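Enquirer: Supplied in C-alpha cells, the structure appears directly below.
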Amino acid sequence: MPDAPAPLTVWPLTGIGEIGPGTDLVEEIVAASAGTLRDGDILVVTSKIVSKAEGRYRPAADRDAAIAEESVRVVAENEAGTVRIVESRLGIVAAAAGVDASNTPEGLILLLPEDPDASARALAVGIRERTAARIGVIVSDTLGRAWREGQTDCAIGAAGVVVIEDLRGATDASGRPLAVTLPCVADELAGAADLVKRKSSGMPVAVVRGRGDLVGDLDLPGARSIVRPAERDLFGEGTREAYARGFSDGATTSGG
C-alpha cells in the first residue's frame, strides 16, 4: 500500500494592515507570520495587495483606457459591449483584463501587478532571507472559467513553487499509465487558500502547509508558464468573434 499523503493545512495570516504604495510586503508578511513559517510552506498572496504596494492605481474615470492599456486582444464580448473578455499583456484571459474597483479607495481602480512572477520572486527572496525558511510564493487573482458559473482564485504569479505537477508516465491506482495528467497545482493551492482568506475578511495572505514537495529553487518556471500557447488553444475566440471572422473570410473568398 502506498503511504498516505500528509494532511494539508491552510490558514490565513492576521494582522496585515492596509496596504498602500511603497508598503514593504515582506515586512508585513513576516511580522504577521510571527515566526511560524517552516521549510516547505507556501504563501498565497492576493494580487490586490501586491498591486497596491506597487501603486498600480488609476482614476476610475479612466477605466476603459486602463483596460485597453492592459489588453492585447478582445477574445469575446456580449451584444451590449458591457462584458468584455480580453487577453491581457500577461497572457491571462479574463474579464476587463483584471482591472478592478473592489476594496480600493473611492474614485480609483486597480490594475494587476506589472509582472506577477517577478513580484512573487521578490517576496520569496525577502521572506526566505528574513525567516531562513525555504518557502514558496503564489500571487493569486480571482478568475472566471469558460463554461462554468462563478469564480475561483488562480495563480498569476509564482516563485519557488512547482506550478504544474507532471504525472505523465506514472500509473493510477489500478496500474493504468497516466498519459496526459498535468494537474495545475498552483491554481489548486490558490483556490484552497481563497477558502480561508475569503473576500471581505481583510486577510489577504494564507499559508499552505503539507505540500513541501512542491517547494523548490527560485528559478522554477513561474505562473506565466501556465498560459497555454496560442498554437495549442482550440478555443481562442468567442462565438460571435469566430462567426464574424468566418463570415468575413467567406465573403473575401467569394469576392476573389
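The values are calculated or read from the model by the stated rules, or taken from the named source; none is laboratory data. Everything numeric here is computed off the predicted structure, so don't read it as measured data. Cβ placement follows ideal geometry from the backbone for every residue including glycine, while neighbour counts extend to all protein chains displayed. Calculation scope for accessible area: heavy atoms of the full protein, side chains included, ligands and nucleic acids excluded. Shrake-Rupley method; radii C 1.70, N 1.55, O 1.52, S 1.80 Å.
Enquirer: Can you name the residue in the stretch 200-243 that is surrounded by fewer than 16 Cβ atoms within 10 Å (Cβ to Cβ) and modelled with pLDDT under 70 and, of all such residues, is nearest to V10 (Cα to Cα)?
Expert: S200
Enquirer: Okay, next question. Give the residue, chosen from G202, G236, that is out of contact with any strand residue (DSSP E or B) (no Cβ under 8 Å at 6 or more places or on another chain) and not in a helix (DSSP H, G or I). Give the derivation first.
Expert: Numbers: G236 fails: out of contact with any strand residue (DSSP E or B) (no Cβ under 8 Å at 6 or more places or on another chain).
After ruling out the rest, the residue left standing is G202.
Enquirer: Would you confirm whether or not the stretch 77-87 contains a residue that is closer than 26 Å to L25 by Cα, in a loop (DSSP other than H, G, I, E, B) and of a type in the set (A, V, I, L, M)?
Expert: No, the stretch 77-87 contains no residue that is closer than 26 Å to L25 by Cα, in a loop (DSSP other than H, G, I, E, B) and of a type in the set (A, V, I, L, M).
A quick yes/no check of all residues on (1) open to solvent by 20 Å² or more (accessible area, probe 1.4 Å); (2) farther than 16 Å from A146 by Cα; (3) touching a Cys at 6+ places or on another chain (Cβ under 8 Å):
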{"residue": "R58", "(1), (2), (3)": "yes, yes, no"}
{"residue": "A61", "(1), (2), (3)": "yes, yes, no"}
{"residue": "A66", "(1), (2), (3)": "no, yes, no"}
{"residue": "E70", "(1), (2), (3)": "no, yes, no"}
{"residue": "A80", "(1), (2), (3)": "yes, yes, no"}
{"residue": "I85", "(1), (2), (3)": "yes, no, no"}
{"residue": "R89", "(1), (2), (3)": "yes, yes, no"}
{"residue": "A97", "(1), (2), (3)": "no, no, no"}
{"residue": "D100", "(1), (2), (3)": "yes, yes, no"}
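Enquirer: Considering only the stretch 8-31, state which residues are open to solvent by less than 50 Å² (accessible area, probe 1.4 Å) and under 14 Å from L123 (Cα atoms).
Expert: Applying the first criterion (open to solvent by less than 50 Å² (accessible area, probe 1.4 Å)) to the stretch 8-31 yields 10, 12-13, 16-17, 19-20, 23, 25-26, 29-30.
Within the stretch 8-31, T23, L25, V26, I29, V30 qualify.
Enquirer: Mind checking whether some residue in the stretch 51-60 is over 29 Å from G136 (Cα atoms), modelled with pLDDT of 95 or more and of a type in the set (D, E, K, R)?
Expert: Initially, the stretch 51-60 is screened for residues over 29 Å from G136 (Cα atoms), giving 58-60.
From what is left, the residues that are modelled with pLDDT of 95 or more are 58-60.
Now narrow it down to the ones that are of a type in the set (D, E, K, R): 58.
Scanning the stretch 51-60, I find at least one residue that is over 29 Å from G136 (Cα atoms), modelled with pLDDT of 95 or more and of a type in the set (D, E, K, R), so the answer is yes.
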